[in-house]
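Data block below; observations after.
The values are calculated or read from the model by the stated rules, or taken from the named source; none is laboratory data. Nothing here was measured: the structure is a model prediction, and the numbers come from that model. Using ideal geometry, Cβ is built from the backbone for each residue, glycine included, and neighbour counts are taken over all protein chains shown. Note: accessible area is taken over every heavy atom of the protein model, side chains too, but ligands, DNA and RNA are not part of it. Shrake-Rupley method; radii C 1.70, N 1.55, O 1.52, S 1.80 Å.
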Amino acid sequence: MPAYDLIIIGAGTLGTFHAYHAAKAGQRVLLLEKDRYPVGATVRNFGQVVPSGLAGRWFDYGRRSLEIYRDLQQETDLTVRQNGTIYIASDADEWQLANELHDRYEQIGYTSELLTKAQCLDKYPSLQADYVVGGIFFPQEMSVEPEQMIHRLIAFVQQKHGVDYRPGSVVIDAQSNASGVTVTLSSRERFQAGRVLMCSGHEVRLLFPDVLAKAGLVVSKLQMLLAEPVTGLSLPGNILTGLTIRRYEAFQECPSYATLKTPEALAELKKWGIHILFKQAIDGSIIVGDSHEYADATQAEDLGYHTQDYINDLMLAEARRIVTFPLTIKKTWAGFYSQTKDEIFEHNVDANIRIVTGIGGKGMSSGAGYAEESIQHWVNAPI
């Protein structure tokens, strides 16, 4: 039976970055993915690396993640582009929050620039002039192509760091024993490891349904849109808007957030958890989104697999209020990610089996830094 120091179940961003850090630390790592390639939250997102919107330790993990992405990009092309993030304020309240966030980040040395309305329109001429009050820009932040990035990262950890990657491997059992843990696949193939780490979203229910029932995990369903390329259009970086300022955790820590009121015109958008973001892919197409619906992870099926035209129409109407270029939609999809009220679900089934999941929408921005600390604290500790 093949033996490893660590088996990681789930090859999304969180699992693969754990594999990367563990292998760098000298661990013999087996990375298992139930599908032929990752198809979950890792590939159904914007591909924006935006620590600026995070709070608490997640901001710190995000800041470290920027360094990790930068280092990796120097070794292999992960599609990482340091082209910055801007939040566009559309009214006085949002502009006040942007100023307060700028002041806070200035105190801790995280670079940001306040841009006037004229500067925003000069940098992003496709914005609707009557939408813009001002903006806050983070030049060090990044974007990636999520579908390409994870494939390239997996290939890199295999080739450079010797990770054994096995897609199409459905784990049906993980049992601790005197030698560590035995993992059994649906094919009846078995592997032995000192430890096992599960990073498989709410699919933890397949192996440990009793743990899931008590975990307080919630599944979020997001609707997203892909618009056709527009000749001559350049949208550098991550473009986030007033609704994002009203939603993201970093702004919620600003003094004025406690008195922030929701204008009546935005009430229906808030009801569906909509905030509008734009990111132009390398091929010129534009990702637009997103919305948020929630269900307990034990009842995730209730969210449905479909997308609602009503929600897409709400997003498109708000997007057209923000930008001047035509939005011709060629694809829509729903993404799903698990999250908890406690920021992330970390649970030791026993001394050798650990579950880490429910990172929510923070995985692309902070998963690399979080995984580094997770490996240092757990895998490197004595068994």
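Region 1-117 holds helices (runs of 4 or more DSSP H) entirely within its bounds, and those carrying 2 or more residues that are open to solvent by less than 30 Å² (accessible area, probe 1.4 Å), at pLDDT below 95 and over 19 Å from G237 (Cβ atoms) map to 13-24.
For region 262-296, the set of residues classified as assigned to a loop (DSSP other than H, G, I, E, B) and out of contact with any strand residue (DSSP E or B) (no Cβ under 6 Å at 6 or more places or on another chain) consists of T262, P263, W272, G273, I274, H275, I276, A281, I282, D283, G284, listed by residue number. Checking each residue of region 237-248 against the condition of being touching an Asp or Glu at 6+ places or on another chain (Cβ under 6 Å), farther than 23 Å from E106 by Cβ and of a type outside the set (D, E) gives no match.
Scanning region 274-289 for residues that are in contact with a Leu (Cβ under 9 Å, 6 or more places away or on another chain) and open to solvent by 10 Å² or more (accessible area, probe 1.4 Å) yields Q280, A281, G284, I287.
With T244, T262 as the choices, which residue is open to solvent by less than 20 Å² (accessible area, probe 1.4 Å) and of a type in the set (S, T, Y)?
T244
Residues checked against (1) small (G, A, S); (2) in contact with a helix residue (DSSP H, G or I) (Cβ under 8 Å, 6 or more places away or on another chain); (3) at pLDDT 95 or above:
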| site | (1), (2), (3) |
| --- | --- |
| P146 | no, yes, no |
| D173 | no, no, no |
| A178 | yes, no, no |
| R195 | no, yes, yes |
| C199 | no, yes, no |
| A213 | yes, yes, no |
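Could you list, in sequence order, all residues of region 156-171 that are modelled with pLDDT of 95 or more and open to solvent by 30 Å² or more (accessible area, probe 1.4 Å)? Q158, Q159, K160, H161, G162, D164, Y165, R166, listed by residue number. Of the residues making up region 343-366, at least one is touching a Phe, Trp or Tyr at 6+ places or on another chain (Cβ under 9 Å), polar (S, T, N, Q) and assigned to a helix (DSSP H, G or I). The residues of region 297-342 that are farther than 25 Å from I88 by Cβ, out of contact with any Ser or Thr (no Cβ under 9 Å at 6 or more places or on another chain), in a loop (DSSP other than H, G, I, E, B) and open to solvent by less than 80 Å² (accessible area, probe 1.4 Å) amount to a single one, G304.
Which members of region 234-271 meet the condition of being more than 22 Å from D103 (Cβ to Cβ), of a type outside the set (S, T, Y) and free of Cβ contacts under 8 Å to residues at least 40 places away in the same chain? Correct list: E264, A265, L266, A267, K270, K271.
In region 70-99, the residues that are touching a residue at least 12 places away in the same chain (Cβ under 8 Å) reach residues that are part of a helix (DSSP H, G or I) and open to solvent by 40 Å² or more (accessible area, probe 1.4 Å) with C-beta atoms within less than 6 angstrom, at least six apart or across chains, in these pairs: L78/R152; T79/Q148; V80/Q73; A89/W95. Every test in (1) surrounded by fewer than 18 Cβ atoms within 10 Å (Cβ to Cβ); (2) within 20 Å of T332 (Cβ to Cβ) is passed by T231 save one, and that test is (2).
Condition first: over 16 Å from the mean Cα position of the chain (by Cα) and touching a residue at least 60 places away in the same chain (Cβ under 8 Å). Now tell me which residues in region 334-353 satisfy that. Matches in region 334-353: K341, D342, H347, V349, D350, A351, N352, I353.
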